[in-house]
Amino acid sequence: MTQKNQTLGEFIIENQSSFKYTSGELSRLINSIRLAAKVVNYEVNKAGLVDILGAAGDTNAQGENQQKLDVYANEKFIQMLTNRNIVCGIASEEEDDFIAINSYDKNNQNKYVVLIDPLDGSSNIDVNVSVGTIFSIYRRVTPVGTPVVLEDFLQKGKEQVAAGYIIYGTSTMLVYTTGHGVNGFTLNPAIGTFYLSHPNMTFPKSGKIYSVNEGNYIHFPQGIKDYIKYCQQEEDDRPYTSRYIGSLVSDFHRNMIKGGIYLYPQSASYPSGKLRLLYECNPMAFLAEQANGKASDGFQRIMEVQPTRLHQRSPFICGSPMMVDDVEAFLCVANK
Ligand code: AHM
Ligand code: MG
């Protein structure tokens, strides 16, 4: 039974039997993520104290500057998942290609692949604003005991077995779903334990917050412009409040608790949207739907999109269901 103050470890064990496939493998996997989260949290929290900040000099697969903590978080998550031999493949936003694990070991019976954005919103670290880790878990589609292939990663979001995020904020939280609702755990840093603090998280049906980088306004599709003007009109419960942290996990987390909508549409710099379908949109969409919310690319359910590339981008509109419906209606009218 879900009860507040339960530790994440206890919760994982207690809920293991509700997984579709109960071999304990998924529990071990989530436990590894829990451990990596604590290690990364420790490093993120001391970022202001040590000279670890600034670009590492490398660029990631999308040609963007990497911060040092991006590199660190990427290494830690990959290490934790690889060393414990519980997954057969990993794809990371910070790596050009996927990583096959023990691919030539016929005894490797692991069936899960993990896709991860190790430190999302990392440009916020320099200014002491919260960042996050996003993860997404699928069952491989090719036979166990064989090397994973691209097809194992390019699955529709609706095939996800689990997804979640860690928010390194004023408190550090791990929020995840295995398809049975969304639960949030807060880290007690004094003893290094996550406690269930937010059981059964749900989006309010509607809200009064819209989160979008309005600096890109003139390049947005007409339907998005119309929706933003609608948010600003003085009518009924409007104008809405504009809140944009620029850290997807943080904006999503606030909107889920208070009611709101997050939008990253096409813009001049990002003609297909900025966010990555596999590392950002799909896991957040799975969480949103499990929390009674909605996630769309403006025209269709995000989790129905068939990925064709690992680092594919997509427009992303996510949050309280009535607000996402409104955006889709505005886009539909503008496109007629
Ligand atoms: P990143 O993966 O390079 O950190 O980019 C993703 C982040 C999201 O967390 C955030 O919502 C968005 O980019 C902010 O982008 P912008 O600065 O263009 O508004
Ligand atoms: Mg990211």
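What the phi angles of the range 130-146 give under the Karplus curve with 6.51, -1.76 and 1.60, with θ = phi - 60°, is a coupling list of 5, 10, x, 10, 10, 9, 9, 10, 10, 7, 5, 9, 8, x, 4, x, 10 Hz, glycine and proline written as x. Taking the chain as a Gaussian network of alpha-carbon nodes connected by springs under 10 Å, the highest mean-square fluctuation of the residues 162, 37, 47 belongs to 47. When 326, 70 are compared by accessible surface with a 1.4 Å probe, the order from highest to lowest is 326, 70.
The string of couplings for the range 328-334 from the Karplus curve (6.51, -1.76, 1.60, θ = phi - 60°) is 4, 5, 4, 5, 5, 5, 5 Hz, one whole number per residue in order, with x for Gly and Pro. Each Cα pair under 8 Å and six or more residues apart adds its separation to the average, and for the chain the resulting relative contact order is 16 percent. For the chain, a crude dipole built from +1 on the beta carbon of Lys and Arg and -1 on the beta carbon of Asp and Glu, taken about the Cα centre, is about 700 debye to the nearest 20. With all protein chains in place and ligands, DNA and RNA left out, the 1.4 Å accessible area ranks 228, 218 as 218, 228, largest first. Calculation over all alpha carbon pairs of the chain in 10 angstrom steps from 0 returns a P(r) of 6, 26, 35, 24, 8, 1, 0 percent.
Taking amide H atoms as placed 1.01 Å from N in the peptide plane, the amide H of residue 241 lies under 5 Å from those of 209, 210, each 5 or more residues away in sequence or on another chain. Applied to the range 207-219, the Karplus parametrisation 6.51 cos²θ - 1.76 cosθ + 1.60 on θ = phi - 60° returns per-residue 3J(HN,Hα) values of x, 10, 10, 10, 10, 7, 7, 5, x, 8, 3, 5, 9 Hz, with x for Gly and Pro. Amide H to amide H distances under 5 Å link residue 316 with 264, where only residues 5 or more positions off or on other chains count and H is placed in the peptide plane.
The values are calculated or read from the model by the stated rules, or taken from the named source; none is laboratory data. The structure presented is a predicted model; accordingly, all values stated were derived computationally and were not measured. Neighbour counts run over all protein chains shown; Cβ positions are idealised from the backbone, glycine included. Surface accessibility is based on the protein's heavy atoms, side chains included, excluding ligands, DNA and RNA. Shrake-Rupley method; radii C 1.70, N 1.55, O 1.52, S 1.80 Å.
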